[in-house]
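One structure below.
The values are calculated or read from the model by the stated rules, or taken from the named source; none is laboratory data. In this text, all values refer to a predicted model and were calculated from it rather than measured experimentally. Reconstructed Cβ throughout: ideal geometry from the backbone, glycine too, with neighbour counts over all protein chains shown.
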């Protein structure tokens, strides 16, 4: 793998409206499942592969098995989670990145979340996710 060589965008158009809409819908489904503690949907939206990764606030998982096990033990987020500044960047017709900020009613933290989504034959899946929090004030 060469990190110094620029990647060629050989398919689709950056920020294709159709791709942005599809990924936004998948992200919305993920967020609803997160609020509802729907482990089946949450697990299903991650790529079922050993290379899939999730970095959490104070945890990390490598591979679909570890992500599924962690999610079973942590099925939802605290009540009142609100998102802001959510952005979908569609790199091409198969790849997109979603970033968002989140917070809770107590206002003590600013959460940051990013997900890389890839369209596979069975639909859009998260291949990498990162969640962090910083104290406010």
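Given the criteria surrounded by 13 or more Cβ atoms within 10 Å (Cβ to Cβ), in contact with a strand residue (DSSP E or B) (Cβ under 6 Å, 6 or more places away or on another chain) and touching a residue at least 40 places away in the same chain (Cβ under 8 Å), does residue 97 qualify? Explain how you work it out, then say what you get.
Details: surrounded by 13 or more Cβ atoms within 10 Å (Cβ to Cβ): yes; in contact with a strand residue (DSSP E or B) (Cβ under 6 Å, 6 or more places away or on another chain): yes; touching a residue at least 40 places away in the same chain (Cβ under 8 Å): no.
For residue 97, the condition - surrounded by 13 or more Cβ atoms within 10 Å (Cβ to Cβ), in contact with a strand residue (DSSP E or B) (Cβ under 6 Å, 6 or more places away or on another chain) and touching a residue at least 40 places away in the same chain (Cβ under 8 Å) - is not met.
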Exercise for review: Pull up the stretch 24-41, narrow it to residues that are more than 23 Å from residue 91 (Cα to Cα) and in contact with a helix residue (DSSP H, G or I) (Cβ under 7 Å, 6 or more places away or on another chain), then point me to the one that is surrounded by the fewest Cβ atoms within 10 Å (Cβ to Cβ).
Suggested key: 41
Exercise for review: Only one of these is modelled with pLDDT of 95 or more, more than 15 Å from the chain's Cα centre (by Cα) and more than 21 Å from residue 25 (Cβ to Cβ): 64, 79, 50, 108. Name it.
Suggested key: 50
**Study point:** Residue tally, condition touching a helix residue (DSSP H, G or I) at 6+ places or on another chain (Cβ under 6 Å) and buried (at least 18 other Cβ atoms within 10 Å of the Cβ), over the stretch 44-67
**Key:** 5
Point to revise | Test: residue in the stretch 74-90 that is buried (at least 17 other Cβ atoms within 10 Å of the Cβ) and more than 21 Å from residue 17 (Cα to Cα) | key: no
